[in-house]
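In what follows, a single structure is set out as structure tokens and then discussed.
The values are calculated or read from the model by the stated rules, or taken from the named source; none is laboratory data. Just so it is clear, the structure is predicted and the values come from calculations on it, not from any experiment. Here the Cβ is made from the backbone with ideal geometry for all residues, glycine too, and neighbour counts use every protein chain on show. We work out accessible area using only protein heavy atoms, side chains counted, and drop any ligands, DNA or RNA first. Shrake-Rupley method; radii C 1.70, N 1.55, O 1.52, S 1.80 Å.
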Amino acid sequence: MTGAELLLCGLSILFIGAVITALLGRWTILNGWLAFLFVFIGNLLALLASLSFLIGEQSATYGLGEMLLPSIFYVDRLGALFILVISSISILSSLYSIRYIEHYQKNTALYYPFFLLFISGMIGVVCVKNMFAFLIFWEFMTLTSYLLVIYESERAENLLAGFRYFFWSHISAGCIMIATAFLFMQTNSFDFFVFREAMPKIAEKHPLILHSVLALFLIGFGIKAGMFPFGNFWLPDAHPAAPSPVSALLSGVMIKMGVYGVLRFFLWMLPPSAELGIWGTIIAIFGVLSLTFGTLSALEQEDTKRLLAFSSIGQMGYILLGIGVGLALLHKDTPLSYLAIFAGLLHLMNHAVFKALLFFTAGSILYREGTRDLGRMGRLIHSMPYTFLAVIMGALAIGGLPPFSGFVSKWLLICSATLSARMHYEFPIWAMAALFASGLSIAYTLKFIGAAFLGGGKKEQENDVPLTMQIPQLVLAVFCLLMGVFAVYPLQIIHLSLKDSIANLPSYNQLLGEGLSITPQLRGLAVAIWNPMLVLLSLAILSAIFYEFIRGAKKEAEVWVGGTLPPQRVLKYAPPSFFQTLRRSIWSNIPSLPLPRVERIGRLSASPGEDVYEPFIELGRRFINGLRRAHSGLLQTYILWQMLGLAIALTLIFGLK
Amino acid sequence: MEYSETIRSLLASLSFAMIVSSFGAVTARNLRYAAYIYAIQALIMTSVISLFATQAPTLFIWSAVAFVTKFLIVTWLLLSFIKGMPEYEVKAIIPFAPSVAIVTVLAILLYELTHKYVHFLAPTPLATEEPFRTNVAVSLTVFSLGLYGILTRRDAFKTAIALCLLENGAHLSLVSLAPGLKETVIIGIVTDVVLAVYMLLFIIRGLREVVGTTDTYHLTELHW
């Protein structure tokens with residue numbers, strides 16, 4: 001079988017699965033296993049397909065029967081990379097769903113079918129070459145994920161979060177549609193390749209149109225990618241509202257579709273030029289804004305999933321920064337631009353892994369403890385040891401500590417941004433901001449771990465989540481480590497995936513050296529080095545020494561204050577007090593600048609006043625009420641409506657003639 | 001096609017009689033009388049078609065079919081339905097006196113319209129000549145009387161009669177607008193009114209059984 005056939009098989013299996021799971025909604029566990037089976041087989045095929053695209057085949061165009069859809073599907077290596085990410089996270093997420101979804105005690109016919117369709121929608125987005133089909137899949141993905149976000153529709157706040165998601169997603173889709181309309185007017189086609197060929201001509205003749213199209217694309221995809229100041233209106237609400245496996249998919253995979261759009265419409269479609277460089281700089285600035293805002297806001301949160309959602313905005317900032325720096329340098333023909341894009345994409349893969357993992361663990365806590373409030377949990381280290389282990393691995397990865405995965409991508413990003421100082425003096429400053437935010441991301445994961453898992457007091461019975469929920473967590477946790485130590489392999493995959501998009505991409509060895517260690521090369525010289533084996537060895541030696549040092553020095557004693565044992569809740573560091581000094585110093589210094597108070601912006605964007613949405617809700621309500629009034633129930637009025645309609649139609653037809 | 005002076009004057013008076021009888025069928029408050037007036041209207045229509053047929057013999061089949069379906073069958077259906085109904089209709093939305101004014105204005109307007117804009121309304125050259133032109137005007141008037149009846153009568157039985165008028169108007173216009181139709185097509189077109197009226201009466205019977213009246217104002221279950 002060729003890759004295209006495998007992919008089509010996988011997609012059809014997902015669609016069949018959606019129908020079958022819709023029929024068996026009452027049998028929760030059975031339905032879960034069935035859905036897992038379909039997702040597993042379907043995505044395994046997609047995974048194989050994407051590997052075959054990446055390694056072997058050239059890009060493939062294929063249609064669903066020549067008559068029906070003459071080759072709208074098209075997979076190149078860039079799409080294949082995204083299929084890889086979507087499929088692998090989806091499989092684990094569906095395995096996690098089986099037991100997790102049980103605690104809602106709701107009909108799963110409202111969950112699994114949309115879950116499967118959501119996955120197929122995401123795969124569809126990355127394997128079409130026709131803008132029309134792209135928009136259809138884009139909407140398909142948005143609508144199914146909207147239905148998943150409001151799965152727990154009994155709670156009003158979830159409906160509101162869903163509404164926000166719906167609203168902003170459609171602003172995003174609207175931007176993309178307007179941009180498409182502009183391109184259609186210029187090229188008279190919806191085909192990506194026609195766009196690509198026409199781009200230099202449009203740039204020459206109508207630069208204004210080109211730049212408005214690009215701006216609209218950036219806003220449209222930026223909203224989906226959670227880019228500050230566009231994506232923060234929906235993301236922190238929608239991610240906590242969704243069931244945790246869906247949050248993992250939303251945060252781990254779906255928001256990356258925005259990055260896919262940026263890559264497709266900037267990197268792939270535009271030839272390297274000074275204009276693209278300007279857009280790269282703009283994307284980089286948005287990236288820095290996102291990572292600063294997302295990380296600072298995450299520090300404030302006291303809700304596990306909301307904290308992770310803000311952290312997603314921050315991590316998306318790294319990805320956008322990498323891609324932005326890369327695009328800005330692309331026309332200067334320097335390896336640094338490729339390195340920056342590599343860093344962005346590597347962080348994209350890493351983020352998919354560790355953010356899915358962290359959302360799984362937040363879901364596990366919700367499953368066992370029934371709360372997302374950090375203030376109401378604690379000491380889970382005893383009752384959920386495996387989950388704790390997974391969280392630690394995920395936190396080390398997200399914090400960018402060697403030898404975990406986040407380190408490599410952040411290091412590569414900061415390397416390339418710093419080294420490009422001669423071409424763009426501001427990039428080292430962005431690199432510093434990224435470094436600072438990276439430190440803060442350790443801080444908010446520490447808050448998460450400290451408040452949820454630590455705290456004194458008596459040990460509790462072990463009561464970890466079911467095995468089907470633990471396996472995805474542990475698999476991802478192991479991957480957090482493996483993708484750091486063996487970062488060469490993901491980097492090689494990324495190198496393959498960019499072959500179609502960058503015309504004269506140097507070979508992998510020319511860029512990043514040979515062997516397991518990663519040595520970015522600049523004019524044949526290694527400018528930095530990451531040798532995982534060396535680091536692992538030194539870490540092992542250090543921990544042995546440290547263990548030897550503290551062995552016997554550790555004593556356990558009851559905590560007592562003034563001669564009595566304090567109540568347990570006092571023994572825990574309360575979540576609001578985490579990093580109070582740091583936060584206070586940041587917020588109290590910023591308002592002194594003659595700028596709008598950042599704190600206020602943060603709050604506004606975290607929960608924009610309902611007045612943003614109220615007019616739209618009111619408009620809809622009025623429209624529906626008007627329709628209701630038209631329903632008099634009288635036969636005569638209906639006939640009158642028909643006659644009026646006929647009269648209007650006739651006047652339009654003959655009047656226009 | 002040339003029609004003699006007698007036939008022309010006969011056509012003119014019959015057309016006028018048809019408009020009057022259609023108006024009568026819509027406004028008569030006694031349901032039995034309304035059905036009878038409808039029967040007369042159908043008979044007049046048959047004779048109008050027969051008069052046209054003196055110059056175009058295929059129209060004889062048309063008039064024969066119209067006689068059987070519109071006069072015999074539909075009248076029989078209406079009269080057999082009327083048993084067990086109250087004698088008078090439910091009060092109409094627009095009463096008799098204003099109706100006279102409205103219909104007169106309507107008839108004059110349509111006459112003017114067809115005589116001024118006949119090229120626009122009728123695509124065949126035949127329809128631009130007399131007496132076909134007047135025939136278009138008359139059939140449009142009958143048609144709009146049917147619509148007027150549907151819109152302004154509350155009684156479902158009157159809706160059925162008005163529907164018959166609507167169909168009659170449409171069919172009559174075909175004499176002018178599509179004179180070259182094949183016989184089978186004509187039979188098909190004319191017969192469909194039987195089916196429509198039968199089904200409508202069937203529904204009204206059900207309505208009377210469920211709601212207890214044929215007043216369409218009581219059909220407001222859809223309202224919310």
Across region A:205-251, the tally of residues that are within 18 Å of A:G287 (Cβ to Cβ) and assigned to a loop (DSSP other than H, G, I, E, B) stands at 5
How many residues of region A:633-657 are open to solvent by 80 Å² or more (accessible area, probe 1.4 Å), at pLDDT 85 or above and either at the interface with chain B (Cβ under 10 Å from one of its Cβ atoms) or on the phi > 0 side of the Ramachandran plot (or both)? The answer is 1
In region A:23-43, residues that are in contact with a Leu (Cβ under 8 Å, 6 or more places away or on another chain), outside any helix (DSSP H, G or I) and open to solvent by 30 Å² or more (accessible area, probe 1.4 Å) total 1
Considering only helices (runs of 4 or more DSSP H) wholly within region B:66-166, the ones with at least 1 residues that are modelled with pLDDT of 80 or more are B:74-82, B:96-116, B:132-152
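So that you can scan it fast, the table gives a plain yes or no per residue for (1) under 17 Å from the mean Cα position of the chain (by Cα); (2) open to solvent by 30 Å² or more (accessible area, probe 1.4 Å); (3) on the phi > 0 side of the Ramachandran plot:
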residue: A:V128; (1), (2), (3): no, no, no
residue: A:L135; (1), (2), (3): no, no, no
residue: A:T144; (1), (2), (3): yes, no, no
residue: A:L147; (1), (2), (3): no, yes, no
residue: A:E154; (1), (2), (3): no, yes, no
residue: A:N158; (1), (2), (3): no, no, no
residue: A:F163; (1), (2), (3): no, yes, no
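Can you name the residue in region A:204-241 that is of a type in the set (A, V, I, L, M) and in contact with a Phe, Trp or Tyr (Cβ under 7 Å, 6 or more places away or on another chain) and is also nearest to A:L366 (Cα to Cα) among such residues? Even if it seems obvious, please write down each step before you answer.
If we filter region A:204-241 for residues that are of a type in the set (A, V, I, L, M), which is where we start, we get A:208-210, A:213-216, A:218-219, A:223, A:225, A:227, A:235, A:238, A:241.
The next check asks that each one be in contact with a Phe, Trp or Tyr (Cβ under 7 Å, 6 or more places away or on another chain); those that pass are A:209, A:213-214, A:219, A:223, A:227, A:238.
Numbers: A:I209: 49, A:V213: 43, A:L214: 41, A:I219: 34, A:I223: 28, A:M227: 27, A:A238: 16 Å.
It comes out as A:A238.
Being within 19 Å of B:L79 (Cα to Cα) and more than 12 Å from chain A (Cβ to nearest Cβ), is that true of even one residue in region B:128-143? Give the derivation first.
Here is the first cut: in region B:128-143, the residues within 19 Å of B:L79 (Cα to Cα) are none.
No; the residues of region B:128-143 include none that is within 19 Å of B:L79 (Cα to Cα) and more than 12 Å from chain A (Cβ to nearest Cβ).
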Query raised in the report: Is it the case that A:I398 is open to solvent by 10 Å² or more (accessible area, probe 1.4 Å), farther than 18 Å from A:A431 by Cβ, among the β-branched types (V, I, T) and in the same structural domain as A:A443 (by TED's automatic domain parsing)?
Result: no
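Answer with yes or no whether A:A630 is within 11 Å of chain B (Cβ to nearest Cβ), open to solvent by less than 90 Å² (accessible area, probe 1.4 Å), under 48 Å from the mean Cα position of the chain (by Cα) and on the phi < 0 side of the Ramachandran plot.
Yes; evaluated as a whole, the condition is true for this residue.
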For this session: Report yes if B:A156 is within 12 Å of chain A (Cβ to nearest Cβ) and aliphatic (A, V, I, L, M), otherwise no.
Result: yes
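Being open to solvent by 10 Å² or more (accessible area, probe 1.4 Å) and modelled with pLDDT of 85 or more is the filter here; which residues of region A:298-331 pass it?
A:D303, A:R306, A:L330, A:H331
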Would a scan of region B:179-192 turn up a residue that is closer than 22 Å to A:F654 by Cα, touching a Ser or Thr at 6+ places or on another chain (Cβ under 6 Å), open to solvent by less than 60 Å² (accessible area, probe 1.4 Å) and at pLDDT below 85? no
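Which one of B:L200, B:L165 is crowded, with 17+ Cβ neighbours inside 10 Å, more than 14 Å from chain A (Cβ to nearest Cβ) and touching a residue at least 40 places away in the same chain (Cβ under 8 Å)? First the steps, then the outcome.
On the way: B:L200 fails: more than 14 Å from chain A (Cβ to nearest Cβ).
Step by step, each of B:L200, B:L165 is checked, and only B:L165 is crowded, with 17+ Cβ neighbours inside 10 Å, more than 14 Å from chain A (Cβ to nearest Cβ) and touching a residue at least 40 places away in the same chain (Cβ under 8 Å).
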